[in-house]
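Take a look at the structure below.
The values are calculated or read from the model by the stated rules, or taken from the named source; none is laboratory data. Remember, it's a predicted structure, so these values are computed and weren't measured experimentally. Neighbour counts are summed over all protein chains in view; Cβ atoms, including those assigned to glycine, are modelled from backbone coordinates with ideal geometry. Ligands, DNA and RNA are excluded from the accessible area calculation, which covers all protein heavy atoms including side chains. Shrake-Rupley method; radii C 1.70, N 1.55, O 1.52, S 1.80 Å.
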Amino acid sequence: MQIIKSGAIFISDSHENEKKLYFLEFLEAVKSGKIRPTQLFLMGDMFDYLSFTDYSRKFYAKQILLINEISKSVPCFYFEGNHDYNLKEIFPNVKVFDIFAQPVKFLLENGEICELLHGDRFIPKIDFKVLMLLRNKAFLKTLNFIDNLINFKITKAILKHQEKKILYKKHPNFKALIEQKIHNYSAKFIIEGHYHQDEIFNFDKRVYINLNSYAVEQKYYETKFENGEFKLVAKSLN
């Protein structure tokens, strides 16, 4: 079982696009040494749309190059989300977890267990089936073939549409929503993104941590172990 070390950094849901380049700035800060993670956990939806399709790889070429450079010296873990999937061939030095591998159990330095995932694993069946279709390699290869024939109009339209998406709205019953699916986890700590709520809940012996969207508020998290207690400490570039 992999160990989450002190000084590991978590970042989630940056939803990178032409108008939001916060994730690019973050990656440049890591590459330059301004941020020095012991490990880097990319918790999914780092891009508005990225897969092995040609235009999406070209569109995010700078970010892809930086992640691949960083992963040569820093252990990197990528939890595929509902906007970024089929990434293994794009990031050869990164440990990529697809939706079926999630949640993934990690051992904390203090001996406790933590489960990590993007957050779209335990959702209504109809939503899950739609996400599976979008991740299907045969479907994506067909989409990519057609996209090349029409000057990438499909991917360009997807990216343009995503620019308009509202990324934060406070969920009025978020704790009740999580309570309905908390039985799917067995570890003491659960860390996920997806919902952009930036909340921590206690359920009996479990601690549920939902990360913020880096696109909404440029906040990442660093692991600390104070007196044997595990903490995620919010940080920013400024």
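Rolling a 1.4 angstrom probe over the chain with all protein chains present gives an accessible area of which 53% lies on carbon and sulfur atoms.
For the range 20-83, the list of trypsin sites (Lys or Arg not before Pro) that fall in a loop by DSSP and count at most 16 other C-beta atoms within 10 angstrom reads K34, K72. Take the alpha carbon gyration tensor of the range 43-86, find the square roots of its eigenvalues, order them as a ≥ b ≥ c, and report rounded if a/c is under 1.5; if not, report prolate when a/b exceeds b/c, else oblate. In terms of gyration-tensor shape, oblate. Build a GNM of the chain with springs between Cα atoms under 10 Å apart, and of Q180, Q197, Q162 the one that fluctuates most is Q180. Under Stokes-Einstein, with the Kirkwood radius over Cα pairs as Rh, the value for the chain at 4 °C and 1.567 mPa s is 71 µm²/s.
For the pair T38 and I146 in one chain, pulling the backbone fully straight at 0.36 nm per residue adds 34.7 nm over the alpha carbon distance.
Using only the Cα atoms of the range 2-58, each taken as one equal point scatterer with no solvent, compute I(q) by the Debye sum, divide by I(0), and report log10 of the ratio at q = 0.31 Å⁻¹. Relative scattering, expressed as log10 I(q)/I(0), comes to -1.23. Normalised by 2.2 N^0.38 Å, where N is the number of residues, the alpha-carbon radius of gyration of the range 49-123 equals 1.20. With semi-axes defined as the square roots of five times the eigenvalues of the C-alpha gyration tensor, the equivalent ellipsoid of the range 165-238 measures 21, 20, 8 Å, largest first.
Given 5 Å bins starting at zero, what is the percent of C-alpha pairs of the range 1-119 in each, up to the one with the largest pair distance? Once binned at 5 Å, the Cα pair distances of the range 1-119 give 2, 12, 22, 26, 20, 12, 4, 1, 0. Looking at the range 27-132, the GluC sites (Glu not before Pro) that sit in a DSSP loop and have at most 10 other Cβ atoms within 10 Å of their own Cβ are E89. For the range 99-221, the convex hull spanned by the alpha carbon atoms encloses 144 Å³ per residue. List residues of the range 197-234, by number, whose backbone nitrogen lies under 19 Å from a label position 7 Å along Cα→C-beta of A29. Taking a point 7 Å out along Cα→Cβ of A29, the residues of the range 197-234 whose backbone N falls under 19 Å are 198, 211-224, 232-234.
Dividing the summed helix terms, -39500 (n - 2.57) for each DSSP H run of n ≥ 4, by the number of residues in the chain produces a 222 nm estimate of -8500 deg cm²/dmol to the nearest 500.
Pairs over the 21 Å Cα-Cα cut-off, from the set K125/K188; K129/K160; K19/K153; K129/K181; K58/K88; K58/K160: K125/K188; K129/K160. Considering only S236, H183, N173, and ranking their Cα positions along the charge dipole of the range 154-238 that arises from unit charges at the beta-carbon of Lys, Arg, Asp and Glu, the one farthest toward the positive end is N173. With a Förster radius of 35 Å, plug the Cβ-Cβ distance of K231 and D54 into 1/(1 + (r/R0)^6) and report the FRET value to the nearest 0.05. Calculated transfer efficiency: 0.25. Using only alpha-carbon positions in the range 177-220, the gyration tensor eigenvalues give semi-axes of 21, 10, 8 Å once each is multiplied by 5 and square-rooted (largest first).
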